[in-house]
Each structure stands twice: as C-alpha cells, then as structure tokens.
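Data block below; observations after.
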Amino acid sequence: MVKDRTKYSSMLGTRYGKDMSPIFSDDFKFRAWRQCWIALAEAQCELGLAGVTPQQVAQLKQYATEINYDVAEAKEREIRHDVMSHVYAFGQQCPEAKGIIHAGATSCDITDNAELIQIYEALDLTRKKLVNLLGLFGNFARQYRDLPILAFTHFQAAQPTTLGERAAMWGYAFTMDYEQVRTLQQNKRLRGLKGATGTQASFLELAEGNEFLVIELNKKFLEKLGYDKDFPITSQTYPRKYDSMILATLAGIGESAHKFGTDIRLMQHRKEMEEPFEKDQTGSSAMPYKRNPMRSERMCGLARSLLARELESRMTASVQWLERTLDDSAPRRDYIAQAFCAVDEVLNLAMNIMERPVVFPRMIKRHLDLELPFMATENIMMTAVKKGKDRQVIHEAIRGVSQEAARRIKEEGDNNHLLEMLAADPKIGMTKAELDAIVDVRKFIGRAPQEADEFVEKIVEPILNEEKACLGLHSNVQV
C-alpha cells in the first residue's frame, strides 16, 4: 500500500509503539464490540430474555470477526451514530438475529466494556515489557555490582557508589511501576450491563421486573467475556476516574524512564556510559564526531507526554456533569491510546538501551581519581591523629594543601596531586603508600555491591520466576 504523505499521521501508533498500536486499532475495537453483543445475546438466550434463540446466537458467532466495514461506514455517514451503524452492519450479516442485537442495551453497555477490554490487553503488554526490562537491569546490576563510580548529590561529587547499585536504583523505580500494573490487573473489572444512567432500568423492563434475572444477566455477560467483577456503581459510563488511575500508572512509568534517561544522558556527557550507537548511525548533520544520546532523549520526550496525558484524564473525570456528558468521548479516544503507545515506546527504548549499554571503566576511574582524594581527607586526618599527631595542626595542614591542589585542578587543568603533596608535607608524616591505602575506593562504597545483589536476588529474580511466560521479549525500536 502506498503511504499517503499529504495528511497528518501521528507518530504514536505508526512509527512508535508498534506492538501496542494493534490493540487500539479500529479492528480490535469493533471485534470487541461484537464480543459484547454476542455475550449479551448468549446470556439473554440462556435466561429466556428478549426472545433470543440459540440459532440467533450461533449466527452472531459466525460473524464475530468478519466485519463488513463498508456497510457500517456507509450507514454512519447517513445516521451519524457509530454504534447503531455497526448494529445495522452486524444485522445485515445476521438477518435472523438482527432484531435482537443490542436488545435492552445503551451504547456504553457495549463501548465502555470494549474499551476496558482494550485497556486490560494493553496493560498486559505493558507488564510483559516491564518484566523483561527488570531482567535487563538485574543482569547489569549483577555485572557491575562492584565497579566503583563517583556518586552525586546536587550534581556535585559526593561519596562513591557502584555502577551496579546505580542500576539497581533505576530498576527499582520500574519495579514499583510493575507492582502498580499488577494491582490494576488483579482488580480488573468491566462496566457490565448498567443501562442509560447506571440504574439497569432497561434490563429490568426486559426482565418484566425480575431483579434476579437482571443480576444473573449481568453476571453471565461478564463471565462470557472472561471477567468476574464489574464496577458496582456507574453512571452512563464506568467511572472516568478509573481512566486517571490507569494513566497515573502509565505516568509513573514515564517518571521512572525520564529519571533513567536523564541519568544516561548525564553519564554519556561524562563519557562514563553510553547508549548503543549503530555502526552507520549519524549523530549530527553538522558535527560528524558527535554521538548524541538520541534514544534517551526520545524516551525523556515521550515520558513527559505521559505526565501531560494523566492531567488530561483527571480534567475529563472532574467535569463529567451528573450522570454523563459527551465531552469525554473525543479526548479519551486520543489520550488513552496515545498514552499506551507512548509507554510502549518508552519501554522499548529503555530495553534497547539496557540490551547493549556501553560502559567505560577507565573513564569512570579517572573521574574517581580526580575527586576521591578530597573525600578521603577526613580519614587521612584521623589516621594521622592515631599516629600521635595534633589534630588541629593536621587539619590546618590538610586544608592548605587541599585548597592548593583544588586550585591547580580548576585553574591549570592539572590532575589531582593531593596525595603526592600530602606525602611531601612533613607535618603530615605519612608516605604515599600509606596514603594510597587510606584512599582505597572500596572503603568508601559501603554496602553498594551487596545492595545490588539484594536487588537482583530479592526483587528481580522472584518477579522473573513468577513471570517466566513473559520472558523473551526484545526491544522493538525504529532507530
């Protein structure tokens, strides 16, 4: 098919989020509508409602996935109602059943349940990618558990950590997102059959006032769609607050990804770690030498869009007047699908980065060597005191030498010669070898290696063991 380049096309769902896009396609949606109509008719048949016969249900099932789009689209141009257009089209294929399709239902009895089916399918894909991403973080944390690296607070050099511990920090944020997704999935529910304002009045009329039949109809409808719970209280729609709960979880993934992507960008600037760079990849049109962190930048950009999508959903939920107003329809068609496609691409990018990260241990050591001697001055002072030196004298001597060493680094671009300068000072009275022993970086990283191990053993591995069926996914990124 030739691409039409004369019309706007959203990158989300076409270029990005290709695994997620089919879930929010028209075909998935309209098949879900037919699932709902069939479940409704079958439940009515079993309960003896609306005169539905087994033959009619069988005919509906025959055309569950074979949708006559041309008929539906032509009808919609005529009547300007998408649901009734598809009722008509379904009826054209199933002439024996056309009179019972949608019996007793309002549009949201079909569309809202179908949308929730889409959302849960999308959450399932999201969970699977989170699981695989956690596996990548776990592998990286284990590999670099004891590689010391300079840590920062306020983006100023602080105590060292290890690269494995830093990866555990990134991964643990996504672990919290995984737990949120799991909670949503474990409590998933449909709207059910609630009628025009949530009172089930039309179904009560259909059942001639028999409340038991209405309750059973709703129960059977849910079961046939594979669910056992619904929202106990709805208006014409399921609570739009639920959308904002979903999008808050997706925004949480965006938060984690933005933090991770920003850290990668900072580390790539410091030449300590890089995202993958393809053999023939061009970093800049003007500067041939550049290796821009384009995956991380794209991930951060899409992550910010997720934060905005959550706000949209909260605004929509907050202005649903009384039992419903239709100004929710158009924006929801955009931001729910767009948010899931964005989160899919965000996770693709995070996986892609962690599948082939590039680490530069010598550059990491160089940065440590530039800062660590200053961090060790308190330990040096305490060692000198233990040797019988006067603390105040030693403190003043180290202060003066440290300031001179710092001046040379900042003003002259020199390396850090603090240890040599301290060894040459008779007030300190310590050799270079003694000072080197004090400044062993492993004395400054605390339990970072053990914490990286604990992240893998106590957090990642239990998830991977529980989610074995999800493993084996790889990033799907158009670089």
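Every number in this text was worked out from the coordinates using simple rules, so none of it is lab data. Here the structure is a predicted model, which is why all the values come from computation and not from measurement. FYI the Cβ positions are ideal-geometry reconstructions off the backbone, even for glycines, and counts take in every protein chain you see.
Tabulated results
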item	result
Ranking of Cys470, Cys108 by count of other Cβ atoms within 10 Å, fewest first	Cys470, Cys108
Among Ala437, Leu266, Leu150 the positive-end extreme of the charge dipole of the chain (Cβ point charges)	Ala437
Using a Förster distance of 25 Å, the FRET efficiency for Ile233-Asp334 (Cβ separation, nearest 0.05)	0.40
Förster-model FRET efficiency, 41 Å R0, Leu266 and Trp321, C-beta, rounded to 0.05	0.30
The stretch 321-367: chymotrypsin sites (Phe, Trp or Tyr not before Pro) in DSSP loop, at most 14 other beta carbons within 10 Å	Trp321
Label-point gap, in nm, between Lys387 and Glu461 - each point 7 angstrom along Cα→Cβ	4.4
Kirkwood Rh (inverse of mean 1/r, distinct Cα pairs), the chain, angstrom	26.7
Quotient of C-alpha Rg and 2.2 N^0.38 Å, computed over the stretch 377-438	1.08
Spin-label proximity, Glu355 to the stretch 289-316 - amide N less than 19 Å from point 7 Å beyond Cα toward beta carbon	293-300
Within the chain, longest stretch free of exposed GluC sites (Glu not before Pro) [DSSP loop, at most 10 other beta carbons within 10 Å]	279-479
Estimated FRET transfer efficiency (Arg80, Thr6; beta-carbon r; R0 22 Å; 0.05)	0.25
Residues Ser329, Ser313, sorted so that the one with the fewest Cβ neighbours within 10 Å comes first	Ser329, Ser313
Under 22 Å from the Cα of Lys468 - lysines, other chains or at least 8 residues apart	Lys128, Lys129, Lys188, Lys458
Residues Cys341, Cys94 arranged by fewest to most Cβ contacts within 10 Å	Cys94, Cys341
Net length gained if the chain between Arg366 and Glu211 were fully extended (0.36 nm per residue, minus Cα distance)	48.2 nm
